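Single-structure report; data block below.
The values are calculated or read from the model by the stated rules, or taken from the named source; none is laboratory data. The structure displayed is predicted, hence computed values, not measured ones. Counting neighbours? That spans all protein chains shown, and the Cβs are built from the backbone with ideal geometry, glycine included. Surface accessibility is based on the protein's heavy atoms, side chains included, excluding ligands, DNA and RNA. Shrake-Rupley method; radii C 1.70, N 1.55, O 1.52, S 1.80 Å.
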Amino acid sequence: MYQFSYSDVVDDRPATGRAHERAAILRTIEVMTAAEQEGPQSRKAIEALHSVQRLWSILIQDLAKPENELPGQLRADLISIGLWNLREVEDIRLGRTVSFGSLIEVSAAIAEGLS
């Protein structure tokens, strides 16, 4: 049977959350890398744009919650990064930018920070 105490599970929660967030970001990097190779008008690009937009919308909503335990300045900085990501997605969608390079670079840095 299970041998975990409640405190063990609660103590692991932030690390587990970071691992899930990192995995989600790494997945969007994979999709954006494929989109970068196929071009900004490809089916992969549409999938990548949707993935990035969905991920950052979820992260921004979570960061904006008062019960989020991250320090206020870090939350504000991450929200700013998220909004930048959403603007980049829109720029690619509208053809003002044709590369996923910046999005991939920023996402990789964030994933690194979560490891």
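Summary table
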| item | result |
| --- | --- |
| Residue tally, condition open to solvent by 90 Å² or more (accessible area, probe 1.4 Å) and within 18 Å of ILE110 (Cβ to Cβ), over segment 24-41 | 2 |
| Residues being closer than 20 Å to ALA19 by Cβ and among the polar types (S, T, N, Q) - total across segment 73-115 | 2 |
| Positions within segment 96-115 being in contact (Cβ under 8 Å) with a residue 40 or more places away in the chain, open to solvent by 40 Å² or more (accessible area, probe 1.4 Å) and under 15 Å from GLU36 (Cβ atoms), in sequence order | VAL98, SER99, ALA108 |
| Residues of segment 42-81 classified as loosely packed, with under 11 Cβ neighbours inside 10 Å and assigned to a loop (DSSP other than H, G, I, E, B), total | 5 |
